[in-house]
Amino acid sequence: MTVTVRELRAGDLPVWRELFRAYGVFYETEFSEELLDRVGALLLEPGSGIDALVAERDGAVVGFAHYRSHPDTFSGGRDWYLDDLFVTPEVRGTGAGRALIEAIAAKTEGTGGSLRWITADTNETAQALYDRVATRTRWVTYEVRR
């Protein structure tokens, strides 16, 4: 039961919507149909600034990762940011999350930057994976809500 990673396709949107809704439930956020339409369109639009990968296992999409790249002022290269990562509970621990992260990390090769992301301090399941594939930083995150 191998996990494969590939770019999101238009035909994936119905299952992506269900997975993204489940992701929202985890973070106590409900996504409207309008928002799902907007985000789905952005993920498929070349040059939108955000891209998506999906993880497949036995031919079924079981997870996704949304990511973006931007210029990095510290290196003069490109930095990469993992916005969202979700894998269905049934396949957690089978390598799907790791495969998604590694696929994005491979894109950073030779770009002069790094791949970064944040997670909730209570998301211990994800942190167990993240501690194995990346270095926990000392940075504190702030936000201004409008």
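Quickly run through segment 43-59 and pick out the residues that are touching a strand residue (DSSP E or B) at 6+ places or on another chain (Cβ under 8 Å), under 25 Å from T4 (Cβ atoms) and not aliphatic (A, V, I, L, M).
D51, E56, R57 - these are the residues of segment 43-59 that are touching a strand residue (DSSP E or B) at 6+ places or on another chain (Cβ under 8 Å), under 25 Å from T4 (Cβ atoms) and not aliphatic (A, V, I, L, M).
Could you tell me whether segment 70-79 includes any residue that is at negative phi, small (G, A, S) and over 11 Å from the mean Cα position of the chain (by Cα)?
There is at least one residue in segment 70-79 that is at negative phi, small (G, A, S) and over 11 Å from the mean Cα position of the chain (by Cα).
Restricting segment 106-122 to residues that are within 15 Å of the chain's Cα centre (by Cα), of a type outside the set (K, R) and surrounded by fewer than 17 Cβ atoms within 10 Å (Cβ to Cβ), which is farthest from E18 (Cα to Cα)?
The extreme case among them is A106.
Does R78 meet the test of being out of contact with any Cys (no Cβ under 7 Å at 6 or more places or on another chain), of a type outside the set (G, A, S), over 17 Å from A134 (Cβ atoms) and at pLDDT 95 or above?
Criteria not met by R78.
Residues being touching a residue at least 24 places away in the same chain (Cβ under 8 Å) and either assigned to a loop (DSSP other than H, G, I, E, B) or under 16 Å from L115 (Cα atoms) (or both): count how many of those fall in segment 73-96.
Here the count works out to 15.
Of the residues in segment 40-72, how many are part of a helix (DSSP H, G or I) and touching a residue at least 24 places away in the same chain (Cβ under 8 Å)?
3
Since R17 meets every condition but one in (1) surrounded by 15 or more Cβ atoms within 10 Å (Cβ to Cβ); (2) of a type in the set (D, E, K, R); (3) touching a Lys or Arg at 6+ places or on another chain (Cβ under 9 Å), which condition does it not meet?
(3)
Pairs please, first residue from segment 124-146 and within 19 Å of R98 (Cα to Cα), second anywhere and β-branched (V, I, T) and not in a helix (DSSP H, G or I), Cβ atoms under 8 Å, 6+ apart in sequence or on different chains.
Partner pairs satisfying both residue conditions: A126/T119; Q127/T119; Y130/T119.
To keep it simple, each residue is scored yes or no on (1) charged (D, E, K, R); (2) within 24 Å of V3 (Cα to Cα).
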| position | (1), (2) |
| --- | --- |
| V61 | no, yes |
| S75 | no, no |
| E90 | yes, yes |
| G93 | no, yes |
| L100 | no, yes |
| A103 | no, yes |
| A120 | no, no |
| T125 | no, yes |
| V133 | no, yes |
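Please work out which residue is nearest to G77 (Cα to Cα), limiting yourself to segment 129-146 and to residues that are surrounded by 12 or more Cβ atoms within 10 Å (Cβ to Cβ) and hydrophobic (A, V, I, L, M, F, W, C).
Going through the qualifying residues, I end up with A134.
Run down G63, G95 and say which single residue is modelled with pLDDT of 95 or more, surrounded by 15 or more Cβ atoms within 10 Å (Cβ to Cβ) and of a type in the set (G, A, S).
Values: G95 fails: modelled with pLDDT of 95 or more.
On inspection, the qualifying residue turns out to be G63.
The values are calculated or read from the model by the stated rules, or taken from the named source; none is laboratory data. Keep in mind it's a predicted model, so treat the numbers as computed, not measured. Cβ coordinates were reconstructed from backbone atoms using ideal geometry, including for glycine residues, and neighbour counts include every protein chain displayed.
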